[in-house]
Amino acid sequence: MDDLTREFLIESQEGLDRMERCLTDLEERPDDKELLSDIFRSVHTIKGTTGFLGFHRLEKLAHTGENLLGLLRDGKLLAAPPIITGLLELLDGLRGILKTVEETGSEGEAEDAALIEQLKLLQALPAELPVSATAKDAEARAASPELHAASTETTTQKKTLPTPPPPAEPPSEDRVPVKPVTAAVAATDSTLRVDVALLNQMMNLVGELVLTRNQILQATAQQANFTLLARRLDMVTADLRESVMKARMQPVSNVFSKFPRMIRDLSQMLHRKVRLVLEGQETELDKTLLEAIKDPLTHAVRNSMDHGIEPPEVRMATGKDAEGTLRLRAYQESGHVMIEVSDDGAGIHVEKVRSKAIERGLITAERAAQLSERELLQLIFLPGFSTAEAVTNVSGRGVGMDVVRTNVEKIGGKVELESRPGLGTTLRLRIPLTLAIIPALIVKSVGQSFALPQGVLSELVHIPAERYGREIEWMEGAPLYRLRGNLLPLVFLEGILKPGGGEKPGEGRENFIAVLEVDERRYGLVVDGLADPEEIVVKPLSTVLKSIGIYTGATVLGSGDLALILDPGSIAVRAGVLMNMQQERGEAAQQQAEGDPHDAEFLVVETSGRRCAVALQDVLRIERIPITRIEYVGLRPVLNFEGQLLPVEDAGNILGQRDRMIAQDEQITVVVCRDGNRHVGLAVHAVLDVAAGSQLREAGTGRPAEGVTLLKNHVTGVVSLTGVEALHEEFSSGDQMMVGTNVP
Amino acid sequence: MQSLNQHRPMHLQQEKKEVLAEVCSVQIGETYFGVPITHILEIVGGAQPKPVPLAPTFVGGLVHYRGDVLTTVAMRRVLQMSEQQAAQDILVLEGEHGCYGLLVDSVGEVLTVSSKDYEANPSILDARRREFFAGAYKLDGKLLVMLNPEHLDPMRLDAE
């Protein structure tokens, strides 16, 4: 079954559910025009789509139903009980066919003649409701704009009716009322369908929160075990937050589903042949953000249809398939949701952009001559830019791309454009997963705390004071750091925040380099200190402070302190870091390709005085947690991590005896690794280093030795993650088996 | 600027009726200033604003105020006085572009002043100060210099 059919099924199911509700209401209020229009719309939508998808049996049935409903809606028939029964039968009939479609992919062979005959008979019932023609028309129109969008259809259908001619004003396309449509959109935008299970969970959590609050209130008076309560409160809050966020998440298919119809209409209007491919529809995004990208996406799709994909003749002439492809793709990438609109059309001709920008006075000729191709493409986003030869109904008014960028940036997103002349254009929207709360690393500089969004952070490097002179290299005043052989431009946060400071900021004290990747720029931001990462709530800044340019907001830290949120992109621009990451990345990839595939990188850890290695590609993260967070299933130590159970391998017996008295604040290090699809934790004494290991061969046989590697000239055992016993086995075999074997 | 607008015509037609106004008195350095209470949302005592590097000099820093982050205007810097280290009080004012804080040395009591005692800015005041001040009330033994909150809005100060 293709996506379109599946979508149609879901949509129709929803429509029929609504119809059912309305029908039962209708029995009580047979003259309610809104209910009738609602039912009419559901059936009409099904009819419209079925025709398009080629389900003729459905179409025929829906069409008969529609005729009957049309009469009811126009007040020529009263919704008497037999009619409602008939309509309910129609509903069941439609549901039956939809079910067959869902199961077999086709409508099946059964005949609906009896039902159709019955519905036709019902149309002959006498009219009992006199309603003035104009009122009827106005109401009908206000309630069902779709009807008028398909005006030709309605008129032909009316001709077949034996009833009196349609009311005075025939529906016309140009008079489709705008207001009711937008009102309807707003109504659906402001409501949200939420899974009942999720709501229940949220309710439970709120209950928990209230209980904990009560206990805290009491405990403050009695000074009982505060840490315990605090921990519970922390857990409940985290869970509740997650649930609320989940409730706000919606699949992008909610927005994507609007496009097939739009593409169909546009391709007819513009005489293009276009195939629409939708990918990653299940990707979820916050409801508000989803609403916010609806318009930009529509603009982008229109632009692709109008300026991107060429008419079939042109495509044939250039040797392309007459049918163009428009691809809408959604996927997640490092804390962002990416939405791509790509076409295999004409692409954007950079020279055209250049001359157009000059012609429109958006840029001077001298400046335009200096711009790189990449920068020239960015001109498209300037207000008032349009390269279309002619302004069409669809696009070309020079507002599109400007609006796309403004709207996306408003919600903290980014727009990227890639285009190759003759081959196509890709517009990429980078949307944050959620608006309000972001994970951030708290860094220190000039004696203050600042928040650095973790989305752009790729790694951290510690430079102790005594290694400052050796590891930070200067090239004519430009600080650099050798990161695994490549030079990384450095930006001292202190130098940015306090311009005109010393020649070598940060000298003589400890420094940390936060390696950031933002907007194709890669650089190291040097700070004086690091604090724990925190999930921060972004608070807007006043215009005066926003205009400084390097802060995106402020936040209140767990300590109650205020911290400004840094904008890594602007800092890079301010410090003059160039966009050269692509090139670097390319080099890095090349190096990797050239290197011996066995020379993998390893994380070197220490457990009970022994050095072990974990393949770096398996390491997800390193957690420093209070030992009290380790819990036990039987004798197996586990870690409840963000609601997921993580088995912890304790080869070095770090956790010690179960009933050993442990200090409340003792911390342990857990390396969280990936083993196939599951995650396991390794309790270690310390994380030592990252190093490249090389393959060892067995003496004599020359076979690659397994389970060991050569790290910095030491033979080091590699931890076998597959050896860590799975949790579920233990559960299934009951609690009798309590001792896991300690591998590595 | 209600009270201010009330005062100005008063000054021109001085012998007319006496109008009373409520003014919050604050101290900055040696001088007593007054802010019409109609503009004040709240007074926050003992605040320690967080400095904002690279911000315009008049910005005294940020404070956490009712779930929001408030930009403050350091009156000492606006009036080009020397900095003071001790904790300061903040008047939260509502401006055209949202709320902002006015950082003063200390907030005193609310006084009821009479239009009879009002005098417009003296001509010898420098142009910059004339912007921020809106005349003065002659009190017993001291002057209460009225501040003009509209001109102290961070947006406005930034534009200058």
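In 5 Å bins starting at zero, report the fraction of Cα pairs in segment B:2-154 per bin as a rounded %. Calculated P(r), rounded to whole percents: 2, 9, 19, 22, 20, 14, 8, 4, 2, 0, 0. Between chain A and chain B, the total buried accessible area stands at approximately 1700 Å², from heavy atoms with a 1.4 Å probe.
Rolling a 1.4 angstrom probe over the protein heavy atoms, how many square angstrom per residue are accessible across segment A:253-432? Working shown, then result.
On the way: 8470 Å² over 180 residues.
With the other protein chains kept in place, segment A:253-432 gives 47 Å² per residue.
Viscosity 0.890 mPa s, temperature 25 °C: Stokes-Einstein D of segment A:196-326 from its Kirkwood Cα radius, in µm² per second? Taking Rh from Cα pairs, D becomes 130 µm²/s. Sorting B:S106, B:S123, A:S42 by accessible area puts them as B:S123, B:S106, A:S42; the probe is 1.4 Å, largest comes first, and only protein heavy atoms count.
With all protein chains in place and ligands, DNA and RNA left out, the 1.4 Å accessible area ranks A:R29, A:R232 as A:R29, A:R232, largest first. For A:M249, the accessible surface of its heavy atoms amounts to roughly 40 Å² (probe 1.4 Å, protein chains only, rounded to the nearest 10). Could you work out the local net charge near A:V690, counting Lys and Arg as +1, Asp and Glu as -1, over the other residues with Cβ closer than 10 Å to its Cβ? Computed value for this residue: -2. Taking a sphere under 13 Å around the Cβ of A:T406 and counting the other residues whose Cβ falls inside, with K and R at +1 and D and E at -1, yields a net charge of 0.
Of the residues B:A134, B:A120, B:A74, the one that moves most in a GNM of chain B with alpha-carbon contacts below 10 Å is B:A120. Sequence-ordered 3J(HN,Hα) estimates for segment A:54-64 from the Karplus curve with 6.51, -1.76 and 1.60 and θ = phi - 60° stand at x, 9, 6, 5, 4, 4, 4, 5, 4, 5, 4 Hz, glycine and proline given as x.
Residues of segment B:127-160 that bury at least 40 Å² of accessible area when the other protein chains are present, relative to the chain alone (probe 1.4 Å, heavy atoms, ligands and nucleic acids excluded): B:M155.
Accessible area per residue for segment A:437-589 is 45 Å², calculated with a 1.4 Å probe on protein heavy atoms, without ligands, DNA or RNA.
Taking θ = phi - 60°, what integer Hz values does the Karplus form 6.51 cos²θ - 1.76 cosθ + 1.60 yield along segment A:616-631, in sequence order, with x for Gly and Pro? Working through the residues one at a time gives 4, 5, 8, 7, 8, 6, 10, 10, 10, 10, x, 4, 5, 7, 6, 10 Hz. Only DSSP H runs of four or more residues enter the estimate; each adds -39500 (n - 2.57), and after division by the residues of chain B the mean residue ellipticity at 222 nm equals -4000 deg cm²/dmol. Apolar share of the accessible surface for segment A:196-251: 63 percent from carbon plus sulfur atoms, 1.4 Å probe. Taking other residues whose beta carbon is less than 9 angstrom from the beta carbon of A:A322, and scoring Lys, Arg as +1 and Asp, Glu as -1, yields 0.
Residue by residue along A:544-556, Cβ atoms of other protein chains within 10 Å of the local Cβ number 5 on average. Remark: segment A:23-97 carries 34 Å² of accessible area per residue (probe radius 1.4 Å; ligands, DNA and RNA excluded). For segment A:476-552, the convex hull drawn through the C-alpha positions has a volume of 151 cubic angstrom per residue. Taking amide H as placed 1.01 Å from N in the peptide plane, B:G29 has its amide H under 5 Å from the amide H of B:D105, each at least 5 places away in sequence or on another chain.
Legend: distances between Cα atoms for A:K33/A:K60; A:K60/A:K273; A:K273/A:K320; A:K33/A:K258; pairs beyond 20 Å are A:K33/A:K60; A:K60/A:K273; A:K33/A:K258. In the complete set of protein chains, residue-level accessible area for B:H97 is approximately 100 Å², probe 1.4 angstrom.
The values are calculated or read from the model by the stated rules, or taken from the named source; none is laboratory data. On a predicted model such as this, the values are computed, not experimentally measured, just so you know. Reconstructed Cβ throughout: ideal geometry from the backbone, glycine too, with neighbour counts over all protein chains shown. When the accessible area is computed, the model is the full protein with side chains, heavy atoms only, and any ligands, DNA or RNA have been set aside. Shrake-Rupley method; radii C 1.70, N 1.55, O 1.52, S 1.80 Å.
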